[in-house]
């Protein structure tokens with residue numbers, strides 16, 4: 001049913017969580033999982049001692065290495081710090097709820113070479129921050145590696161996940177990162193030499209501390225290394241080297257985008273998501289309609305629609321390729337509500353007309369869910385009506401075209417539902433979007449949607465994640481001008497020949513006695529300067 005979906009390459013490394021018991025000792029945060037003899041640690045008021053395999057790591061414990069040292073610290077949520085030669089790391093804070101997979105990691109990395117592989121905590125917004133001489137780093141859902149010589153000389157490279165942020169500025173794609181040399185700071189892709197030198201310091205290879213004229217053999221022997229750490233180290237190192245460009249030429253070297261081969265899909269935290277869903281959905285609830293649903297998702301791989309309701313439940317219904325419901329789930333926290341009874345009209349339909357001109361790479365349509373279910377904690381029967389719109393395509397990367405310094409204009413349509421006082425009805429409008437790939441900013445306008453027009457304003461649209469853009473909408477025309485406002489979120493879509501040949505997403509509008517929600521799709525031709 002869903003056409004032209006692009007699956008992501010696999011994740012950089014499959015991180016198997018080990019069975020570390022959640023310690024009753026609040027101060028213990030992890031264990032030294034791999035060590036060579038030149039790694040040491042110390043706690044305040046205690047002398048420095050050599051790190052040994054299996055040693056517990058505690059809050060505020062300083063880990064440092066000599067010019068040939070290396071240690072891997074495994075935390076109880078599955079996160080791993082690999083600390084290379086001449087380095088200094090302190091884990092300042094570690095809070096973890098294993099049942100929810102939430103918590104916080106705060107560390108200080110003052111010098112040397114390090115790689116961080118995120119565990120469960122890094123999946124959460126704001127879960128992991130690292131204080132460095134360059135500023136505060138934040139990583140979500142992934143891996144980064146860095147080399148710090150001083151506040152004026154450093155290299156911090158995003159490898160995998162949602163993003164790496166330095167003082168709020170974000171890198172979304174390997175091998176982009178933040179660099180400084182003699183105080184000259186820049187954000188750019190890492191060169192192959194920079195990548196290989198850093199990987200060598202974090203593996204069983206030679207490391208010159210940044211001076212290639214003084215390369216010396218340094219065969220790190222990780223004694224008694226546990227399988228978990230070997231998997232993390234080996235898989236990550238091999239994948240980084242495999243992904244590193246063979247030369248220092250730009251990854252996309254053609255002058256015209258139309259002559260370029262489409263780049264591979266971006267690295268994904270979870271296969272099929274690429275940093276954003278492959279589909280977007282919106283909806284309303286009630287019979288008659290009572291309000292706008294929040295956090296509606298459409299997953300084109302499982303052909304499912306999910307959303308939350310005011311009682312705290314999450315509803316998910318999966319459909320077959322004919323749009324007939326297969327199964328449904330209602331969950332609140334750890335409570336599974338059990339059997340869902342489908343009522344007449346529950347379906348997922350696909351519109352045969354294109355959502356916009358030349359948009360055969362996008363699918364879109366309507367969904368309707370009418371179910372009964374019982375709350376096991378109170379045993380009442382809930383009768384739920386909800387319906388809305390969905391759109392899907394093959395997401396591509398916000399930064400894919402950044403190196404080309406290109407821009408694009410997209411045109412299409414928006415379809416949605418309006419709640420106007422006591423009335424509800426469908427509406428359609430036009431879509432125009434402009435985007436600068438180099439600046440990662442743009443603007444978007446939805447025109448004549450229920451006789452009203454909305455815009456993000458000039459440069460009011462910005463990149464949010466590896467494959468998301470978004471911004472605030474304000475009313476610029478129509479009845480009661482200026483009284484309604486909202487937001488828009490979307491993704492760039494691969495049209496089969498151009499990585500960002502289209503866009504798709506959703507929007508919400510709110511005002512006094514007036515609300516609207518819908519999906520949009522558009523097509524365009526990115527251009528590059530000659």
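Checked against the criterion of being under 26 Å from residue 161 (Cβ atoms), surrounded by fewer than 20 Cβ atoms within 10 Å (Cβ to Cβ) and modelled with pLDDT of 85 or more, the candidates 453, 422, 487 yield just one match: 487. Yes or no: residue 120 under 18 Å from the mean Cα position of the chain (by Cα), modelled with pLDDT under 90 and under 30 Å from residue 334 (Cβ atoms)? Yes: the conditions hold for residue 120. The condition of being closer than 24 Å to residue 426 by Cα and either in contact with a strand residue (DSSP E or B) (Cβ under 6 Å, 6 or more places away or on another chain) or in a strand (DSSP E or B) (or both) holds for only one of 282, 382, that being 282. Within region 142-171, the set of residues being outside any strand (DSSP E or B) and over 16 Å from the mean Cα position of the chain (by Cα) comprises 151, 152, 167. Taken together, 470, 482, 486 contain a single residue that is free of Cβ contacts under 8 Å to residues at least 40 places away in the same chain, assigned by TED's automatic domain parsing to the domain that holds residue 395, closer than 22 Å to residue 292 by Cβ and not in a strand (DSSP E or B), which is 482. For residues that are part of a loop (DSSP other than H, G, I, E, B), surrounded by fewer than 21 Cβ atoms within 10 Å (Cβ to Cβ) and within 14 Å of the chain's Cα centre (by Cα), tally how many sit in region 123-141. Residues flagged as part of a loop (DSSP other than H, G, I, E, B), surrounded by fewer than 21 Cβ atoms within 10 Å (Cβ to Cβ) and within 14 Å of the chain's Cα centre (by Cα) within region 123-141 amount to 3. If I filter region 154-164 for residues that are touching a residue at least 60 places away in the same chain (Cβ under 8 Å), under 22 Å from residue 193 (Cα atoms) and in contact with a strand residue (DSSP E or B) (Cβ under 7 Å, 6 or more places away or on another chain), do I get at least one hit? Yes, that holds for at least one residue. Here residue 12 clears all of (1) in a strand (DSSP E or B); (2) at pLDDT below 80; (3) within 16 Å of residue 145 (Cβ to Cβ) except the condition numbered (1). In region 497-515, the count of residues that are buried (at least 19 other Cβ atoms within 10 Å of the Cβ), more than 21 Å from the chain's Cα centre (by Cα) and over 29 Å from residue 169 (Cα atoms) is one or more.
Kindly check whether there is at least one residue in region 375-392 that is within 27 Å of the chain's Cα centre (by Cα) and modelled with pLDDT under 95. Scanning region 375-392 turns up at least one residue that is within 27 Å of the chain's Cα centre (by Cα) and modelled with pLDDT under 95.
The values are calculated or read from the model by the stated rules, or taken from the named source; none is laboratory data. These figures come from a predicted structure and were not determined experimentally. Here the Cβ is made from the backbone with ideal geometry for all residues, glycine too, and neighbour counts use every protein chain on show.
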